[in-house]
Amino acid sequence: MEINKIYHADVMRFLEALQDNSIDLAVVDPPYNLNKGDWDSFKTEQEYFDFTFQWLSLLIKKLKINGSLYLFNTAYNSAIILDFLKDKDLIYKNWITWYKKDGFSATKKKYVNTQETILFYTRSNNHIFNYDDIRLPYSSTDRIAHAVKKGILKNGKRWFPNPNGKLCNDVWEITSQRHKEKVNGKVQTLSHPTVKPYEMIERIIKASSNENDLVLDLFSGSGMTSIVCKNLNRKFIGCELNEAYILNLEGLGFEIGRL
Ligand SMILES: C[S@@+](CC[C@H](N)C(=O)[O-])C[C@H]1O[C@@H](n2cnc3c(N)ncnc32)[C@H](O)[C@@H]1O
């Protein structure tokens, strides 16, 4: 299979053709079974998880031994997936909560859902993690201003803040792409109903890969992961089944592979 292409193919057929131990980082944003499109509806929950566990089982062996996997989903589905992955050849690292900040439904019979989950796994403890490339601004500016001058005494040692900010934590406050691309305050219909925010994909790719590494963009959709890869000098390989999304990707200049 050729790199820097998005394949017009079903996920199972694509993964069967992909070489084992070839992927440095997999960024996987699958159907959630929420009816966001005809590709996102399943007859029963059982059918959804049969599909999910089938591609997940094929995916694991595609990762290199120092490779990483980020898996998006709802909190409910992620809990079931986490249980499935417990005895698989992967090391659990984080349950990342994406706090979406904008555009929530007005539920009045339960708490408003404002989050998605990103499960972070690696195949070994010898994985890449570029923590310095994803530092965040410190929140308590007064305390930090004081610490920059004099340091803060911590366990008998003087601690000085890192000029590039604090280490990245596991709750990510990132505005959804739909709300970022507002025109005159109005949310626009994007070319795909579930585009992931550029900033979030950028963080994942910077943290868990180096330049020229190969990133797997399974379920490419709008191609956001592959777009970020191009901008950060990473190689990519993706797959997408929907004809209309493939046409959009072609329009964006992506080479489309066929199996
Ligand atoms: C949640 S969306 C991915 C969105 C993407 N992360 C983005 O930022 O645009 C999931 C995508 O998986 C595709 N898909 C669903 N079932 C598939 C299958 N069996 N094989 C390949 N792609 C599939 C859908 O067409 C949809 O575009």
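The values are calculated or read from the model by the stated rules, or taken from the named source; none is laboratory data. Bear in mind that the values here come from a model prediction, so they are computed numbers and not experimental data. Glycine also receives a Cβ, built like all others from the backbone with ideal geometry; neighbour counts cover every protein chain displayed. Just so you know, the surface numbers come from the protein's heavy atoms only, side chains and all, with ligands and any DNA or RNA stripped out. Shrake-Rupley method; radii C 1.70, N 1.55, O 1.52, S 1.80 Å.
Kindly indicate the residue of region 1-15 that is modelled with pLDDT of 95 or more and away from the ligand (no atom under 12 Å from the Cβ) and also most open to solvent (accessible area, probe 1.4 Å) among those meeting that condition.
Taking region 1-15 first, the residues modelled with pLDDT of 95 or more are 2-15.
Next cut, away from the ligand (no atom under 12 Å from the Cβ) only: 2-5.
On the way: 2: 105, 3: 76, 4: 65, 5: 31 Å².
Applying the filter and picking the extreme gives 2.
Which members of region 199-219 meet the condition of being open to solvent by 10 Å² or more (accessible area, probe 1.4 Å) and either near the ligand (Cβ under 9 Å from one of its atoms) or of a type in the set (Val, Ile, Thr) (or both)?
219
Taking region 220-229, which residues are within 12 Å of the ligand (Cβ to nearest atom), open to solvent by less than 30 Å² (accessible area, probe 1.4 Å) and farther than 20 Å from residue 55 by Cβ?
Once the filter is applied, which keeps residues that are within 12 Å of the ligand (Cβ to nearest atom), open to solvent by less than 30 Å² (accessible area, probe 1.4 Å) and farther than 20 Å from residue 55 by Cβ, region 220-229 yields only 228.
Scan 92, 99 and give me the residue that is in contact with a strand residue (DSSP E or B) (Cβ under 9 Å, 6 or more places away or on another chain), more than 30 Å from residue 188 (Cα to Cα) and exposed (fewer than 14 other Cβ atoms within 10 Å of the Cβ).
One residue alone meets the criteria, 92.
Among the residues that make up region 111-122, is at least one of them under 19 Å from residue 98 (Cβ atoms) and open to solvent by 90 Å² or more (accessible area, probe 1.4 Å)?
Yes, there is a match, as at least one residue in region 111-122 is under 19 Å from residue 98 (Cβ atoms) and open to solvent by 90 Å² or more (accessible area, probe 1.4 Å).
Would region 35-52 turn up any residue that is of a type in the set (Ser, Thr, Tyr) and within 22 Å of residue 198 (Cβ to Cβ)?
No: zero hits.
Considering only region 16-34, state which residues are open to solvent by less than 50 Å² (accessible area, probe 1.4 Å), of a type in the set (A, V, I, L, M) and within 11 Å of the ligand (Cβ to nearest atom).
27, 28
Which of (1) within 15 Å of the ligand (Cβ to nearest atom); (2) closer than 30 Å to residue 213 by Cβ; (3) modelled with pLDDT under 95 does residue 37 not meet, given it meets every other one?
Evaluating residue 37 over (1) within 15 Å of the ligand (Cβ to nearest atom); (2) closer than 30 Å to residue 213 by Cβ; (3) modelled with pLDDT under 95 leaves (2) as the failure.
Do you know which of the residues in region 158-198 that are touching a Pro at 6+ places or on another chain (Cβ under 7 Å) and either open to solvent by 30 Å² or more (accessible area, probe 1.4 Å) or assigned to a loop (DSSP other than H, G, I, E, B) (or both) is nearest to residue 121 (Cα to Cα)?
Among residues in region 158-198 that are touching a Pro at 6+ places or on another chain (Cβ under 7 Å) and either open to solvent by 30 Å² or more (accessible area, probe 1.4 Å) or assigned to a loop (DSSP other than H, G, I, E, B) (or both), the one nearest to residue 121 (Cα to Cα) is 174.
Being part of a loop (DSSP other than H, G, I, E, B), charged (D, E, K, R) and more than 12 Å from the ligand (Cβ to nearest atom), is that true of even one residue in region 230-239?
yes
Quick check on region 230-248. Is at least one of its residues touching a strand residue (DSSP E or B) at 6+ places or on another chain (Cβ under 6 Å), closer than 20 Å to residue 19 by Cβ, in the same structural domain as residue 63 (by TED's automatic domain parsing) and open to solvent by 60 Å² or more (accessible area, probe 1.4 Å)?
yes
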